[in-house]
Amino acid sequence: MRRWSRLYAESFTIRLKAMAQYRFDTWLGLGSNLAWRVFRLAFIAVIFSFVAQLGGWSAWEVALMWGISFLGQDLSHLLFAFALHADDYFYYGGLDYAKVRPAPLLLWASVELAQPDHLLTISFYAAVTVLAMVNTGVFASPLAVLLILVALVASILVRTGMTLVTYCSVAWFSRARSVAHGISALNEHTKYPLDALPVPLQIFMTALPFAFTGFYPVAFALRPADHWMPGALSLPVGVLTAAVGFVILRLALRKYQSVGSVDV
Amino acid sequence: MGDAAIQVENLTKTYRVERRRPGRLSWVRSLVAPMYEEIRGVDRLSLAIDHGEVLGLLGPNGAGKSTAVKLLTGVLFPTEGRVRVLGRDPFHDRIANAQDIGVLFGQRSHLLHDLPAVDSFGLLRHLYGTSQSDYDARLTELTDLPQLEPLLNQPVRTLSLGQRMRCEVAATFLHQPRIVYLDEPTIGLDIEAKRRIREFILSVSRSLGTTVLLTTHDLNDVQELCERVVVLNQGSAVFDGLLGDLIDLHASSRAVEVDAPGDVIEMIVQDVSRRWPEALVTRDGSRVRASGIGDQGAIVDATRLIMAHVGVRSISVVEPPIEDVILSVYQHGVRGS
Amino acid sequence: MAFAAASWRQSVGRYSAVSRAYVRVGLALRFEFLVGLGATLLNTWILVSIWSVIRSGSSDVQAAFDAPDMATYMVVAGVVNFARMGHASRRVIYRSLRQVSTGQIAVELVRPVNMQLLRYAEWLGVFLVDALLVAVPTWLIFRLAGVVDDPSSGMSVALFALSIGLAWLVLAGLHFIVNAITLMSISGSGVTMARVAIQEFFGGALIPLALMPGALRVVADLLPFQAITSTPTLVYMDRLEGPELVRAFGVQVIWAIALFAIGMVVWRLLVRRVQIQGG
């Protein structure tokens, strides 16, 4: 654990040094990464300028679902950055070096890739989440606070597992990256409460399982009685998704051919 | 047997490569039933490398050299066969194995592009758990070597390929690995840069006493760095032995060159042609060159015969260009001892 | 004069050959486009559903759109939501501009063509494939499901086609500039995400501009994005008539020209930068 925090710290320092060399780039990157998140949030605000509730959920409740879902995503991208770039590693043979290092591959490659700019977006999602927790009265109940933390853990696990599965599939199926891009295009719709969607879409978002990154676990924390069933399952689903992702990674490593000549 | 640093038995790696079907709507079929072709990257390779040995793995492009290195380093999962590196299976025992080895992939980089190499070194130090004092000692040793120190503090992107490669080599040796794999370390370099990187590799590996496996398609790398070579062709070893033996085996392509006055030359040409009718004898003024005489013994006999003539000004045995040797190994598939 | 006409014809031939080649490139990536079709269908379906829920709870929205109109708007806007271009077309666009950073551009620069027009020609090819394999099927499926209304007349169809053409010019101009900026930096994905989010937000793909709250509406009107998505959608629905229609087309034309001009300047700066870096 100490070794890993040192490695992350070292990697971060190095990245920051590199960022300092490209100031235009750094500001552009930070600015645009924050900007698109702000506009996604702004859309929620516009929706709630017309209605007080969406599918029975208030603006702050929806903001909390959104916050947990994407805080989980960005934490996953920070801590397990490799998952998001696994396809590049498989495609361009970058695994060669990662695999001759004396460390678990997922962790080391993630250290190598860790981007300090995620800290900014993570703070943004965290701020939204905490603000939403205040406004939905979560802090009044220790149990609710605990359930929100559980929701966050579930979110990180589901996100990491999903990312590993989609991006490691390139080991078998070189076109998996376009499927991954197709799926990630739906990612932002995670913000709508499932109750506002027609049943086929509900099933789709549950199966994928985007709904477990925000809606189910947060709904469970806010109104345990209404949504206990899928809500209580969020953490097990998270553990399962992450485990599946890890197994796929292991199998993909076995399948890895390390050729730079795959058609790009 | 059992205490070789690297032990490889019957190692095979096959790839499946998807092939597009010909024809118009073939892509529909390819979605359902893709067509594959099997390619053998490495084919029943067996070899053993001793501690402290510097072995050259030689072969043309696509011979399976890099695949072999990746199988030995645990990057790839073998289709068949067995690898033991310091007694471990490098794929299943990947992390423990990785701690003891250093790898350089000539076509990739383990340095961060935008920063001086020392920054990358620092991160690698933490990764390998090298203590600060060991690291400092190693770095001093490395920077004592010629041509390295001034490069370490420049951003890597400002270095030439040859300079960057010296830093890459240094990074490979930094944690004092027991075994180092250098996969095409001279690829893409010009002659001068190649010479420098060879010198550098030689001095580092000597001063640290490291076991080295070097792959290359450049024969000069092997000649300058290795005593023993394995020649790979289409994934199989077609020769495994000392570089000198490789050349000896093909001594028939050695030539004897003599310089003598004209009348003496006449007699030499006649004698040699009579005794070795298959030999190719060419004359150019006062010089004569005879090749295709035969094995080592025949060459010795020939030099004796020639020296028996009074008036010979000089005589020398010319080694064949190594390219020719390799070529004939490929063609005849001769296996060394 | 005759010379000018001949060379003009020659240029058109040259660039249209490029477009045709890129239609083939696009068709070679049809699997990626099919994935794009799936994503566009789901994306559009979700937005249609959400706006139907919002509409049922808001009298403001009800006043602006009846139920079939609301659905038609979201479907057509989803189809002409060029912010969310398919993975395949994005890949082609990105690759073509990445040549700058890889130095491959040197090979291109010695060719007797205008680089900006060359890019436009390439993107036109992929765009046509995008329209053929993603946009039209999406529309058709919602049409068969009875979600989207037909255009009211042949005239509407013609005007819609015209506005799509102009929207494409604005879009190509925008791509050229944004990608050029991206290429000068290493934070490509963030910039792309930001462009998609801003373009969708202010373009009318997520929120009909008529429903945009006051200040945001003003900002949206000042930006080029509405010329890409909102204008064609409103033309399709016959929501623009007379002077409003002329004005909307005028705005599209102005943006197409302005972005082309800005692109030209950005390109000059970029080339100079490439030369300074010396490959």
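Only residues that are small (Gly, Ala, Ser) and at pLDDT 85 or above: list them for region A:8-52, please.
A:9, A:11, A:31, A:32, A:35, A:42, A:45, A:49, A:52
Quick one: which strands (runs of 3 or more DSSP E) sit completely within region B:37-146 and have at least 3 residues that are within 16 Å of the chain's Cα centre (by Cα) and of a type outside the set (Ser, Thr, Tyr)?
Details: elements: B:54-58, B:80-85, B:101-105.
So the answer is B:54-58, B:101-105.
Residue under question is residue A:93, and the condition is that it be away from chain B (no Cβ under 14 Å), crowded, with 22+ Cβ neighbours inside 10 Å and in contact with a Ser or Thr (Cβ under 6 Å, 6 or more places away or on another chain); does it hold?
no
Counting only residues that are over 19 Å from the mean Cα position of the chain (by Cα) and in contact (Cβ under 8 Å) with a residue 24 or more places away in the chain, which one in region C:201-236 is nearest to the other protein chains (Cβ to nearest Cβ)?
My answer is C:211.
So the check is Cβ under 8 Å with 6+ separation or different chains; which pairs have a first residue in region B:35-47 that's over 14 Å from residue B:65 (Cα atoms) and a second one that's at pLDDT below 90 and outside any strand (DSSP E or B)?
B:35/B:20; B:35/B:21
Could you tell me which residue of region A:33-69 is nearest to the chain's Cα centre (by Cα), considering only residues that are over 22 Å from residue C:212 (Cβ atoms) and at the interface with chain C (Cβ under 7 Å from one of its Cβ atoms)?
A:33
Of the residues B:151, B:139, B:124, only one is at the interface with chain A (Cβ under 10 Å from one of its Cβ atoms) and at pLDDT below 90; which? Give the derivation first.
Details: B:151 fails: at the interface with chain A (Cβ under 10 Å from one of its Cβ atoms); B:139 fails: at the interface with chain A (Cβ under 10 Å from one of its Cβ atoms).
Sole residue among the options that is at the interface with chain A (Cβ under 10 Å from one of its Cβ atoms) and at pLDDT below 90: B:124.
In region B:85-97, is there at least one residue being touching a Pro at 6+ places or on another chain (Cβ under 6 Å) and either closer than 22 Å to residue A:250 by Cβ or surrounded by 20 or more Cβ atoms within 10 Å (Cβ to Cβ) (or both)?
Yes, some residue in region B:85-97 is touching a Pro at 6+ places or on another chain (Cβ under 6 Å) and either closer than 22 Å to residue A:250 by Cβ or surrounded by 20 or more Cβ atoms within 10 Å (Cβ to Cβ) (or both).
Out of region A:106-159, which residues are outside any helix (DSSP H, G or I) and charged (D, E, K, R)?
If the condition is that a residue be outside any helix (DSSP H, G or I) and charged (D, E, K, R), then A:117 is the only one that fits.
Go through (1) hydrophobic (A, V, I, L, M, F, W, C); (2) out of contact with any helix residue (DSSP H, G or I) (no Cβ under 7 Å at 6 or more places or on another chain); (3) at pLDDT 85 or above and name the single condition residue A:229 misses.
Checking residue A:229 against (1) hydrophobic (A, V, I, L, M, F, W, C); (2) out of contact with any helix residue (DSSP H, G or I) (no Cβ under 7 Å at 6 or more places or on another chain); (3) at pLDDT 85 or above, the one that fails is (3).
Can you give me the number of residues within region A:5-32 that are at the interface with another protein chain (Cβ under 7 Å from one of its Cβ atoms) and not charged (D, E, K, R)? Can you show your working first?
We begin by selecting, within region A:5-32, every residue at the interface with another protein chain (Cβ under 7 Å from one of its Cβ atoms); these are A:6-7, A:10-11, A:14, A:17-18, A:21-22, A:24-25, A:28-29, A:32.
Still in the running and not charged (D, E, K, R): A:7, A:11, A:14, A:18, A:21-22, A:24, A:28-29, A:32.
So the answer is 10.
Considering only region B:264-300, state which residues are free of Cβ contacts under 8 Å to residues at least 12 places away in the same chain and either in a helix (DSSP H, G or I) or in contact with a Cys (Cβ under 7 Å, 6 or more places away or on another chain) (or both).
Result: B:266, B:270, B:273, B:274, B:297, B:300.
Restrict the check to region C:22-39 and report whether at least one residue is surrounded by 17 or more Cβ atoms within 10 Å (Cβ to Cβ), under 19 Å from residue C:146 (Cβ atoms) and facing chain A (nearest Cβ under 9 Å).
Checked region C:22-39: no residue is surrounded by 17 or more Cβ atoms within 10 Å (Cβ to Cβ), under 19 Å from residue C:146 (Cβ atoms) and facing chain A (nearest Cβ under 9 Å).
Results for (1) under 15 Å from the mean Cα position of the chain (by Cα); (2) in a helix (DSSP H, G or I); (3) under 28 Å from residue C:31 (Cβ atoms); (4) within 10 Å of another protein chain (Cβ to nearest Cβ), shown as yes or no for each residue.
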residue: A:182; (1), (2), (3), (4): no, yes, yes, yes
residue: A:195; (1), (2), (3), (4): no, yes, no, yes
residue: A:219; (1), (2), (3), (4): no, yes, no, no
residue: A:224; (1), (2), (3), (4): no, no, no, no
residue: A:231; (1), (2), (3), (4): no, yes, no, no
residue: A:238; (1), (2), (3), (4): yes, yes, no, no
residue: A:242; (1), (2), (3), (4): yes, yes, no, no
residue: A:247; (1), (2), (3), (4): no, yes, yes, no
residue: A:250; (1), (2), (3), (4): no, yes, yes, no
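For region B:161-247, list the helices (runs of 4 or more DSSP H) that sit wholly inside it and hold at least 2 residues that are of a type in the set (Lys, Arg); which are they?
On the way: elements: B:161-173, B:191-208, B:219-225.
In region B:161-247, the matching helices (runs of 4 or more DSSP H) lie at B:161-173, B:191-208.
Which one of these is modelled with pLDDT of 85 or more and farther than 26 Å from residue C:221 by Cβ: C:165, C:190, C:154?
None of the other options fit; the residue is C:154.
Yes or no, residue by residue, for (1) assigned to a helix (DSSP H, G or I); (2) farther than 30 Å from residue A:85 by Cα:
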position	(1), (2)
C:190	yes, no
C:196	yes, no
C:200	yes, no
C:205	no, no
C:216	yes, yes
C:221	yes, yes
C:225	yes, yes
C:232	yes, yes
C:244	yes, yes
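Have a look at A:129, A:136 and point out the one that is buried (at least 17 other Cβ atoms within 10 Å of the Cβ), at pLDDT 90 or above and more than 21 Å from the chain's Cα centre (by Cα).
A:136
Pairs under 7 Å by beta carbon, first residue closer than 18 Å to residue C:208 by Cα in region C:240-253, partner acidic (Asp, Glu), six or more apart or different chains?
none
Of everything in region B:120-160 that's aliphatic (A, V, I, L, M) and farther than 30 Å from residue A:1 by Cα, which residue is surrounded by the most Cβ atoms within 10 Å (Cβ to Cβ)? Spell out how you get there, then give the answer.
Kept after step one, since they are aliphatic (A, V, I, L, M), are these residues of region B:120-160: B:123-124, B:127, B:137, B:139, B:142, B:145, B:148, B:151-152, B:156, B:159.
The next check asks that each one be farther than 30 Å from residue A:1 by Cα; those that pass are B:142, B:145, B:148, B:151-152, B:156, B:159.
On the way: B:142: 24, B:145: 16, B:148: 19, B:151: 21, B:152: 20, B:156: 21, B:159: 18.
Among those that are aliphatic (A, V, I, L, M) and farther than 30 Å from residue A:1 by Cα, it is B:142.
The values are calculated or read from the model by the stated rules, or taken from the named source; none is laboratory data. The model shown is predicted, which means the values in this text are computed figures rather than measured ones. Neighbour counts are summed over all protein chains in view; Cβ atoms, including those assigned to glycine, are modelled from backbone coordinates with ideal geometry.
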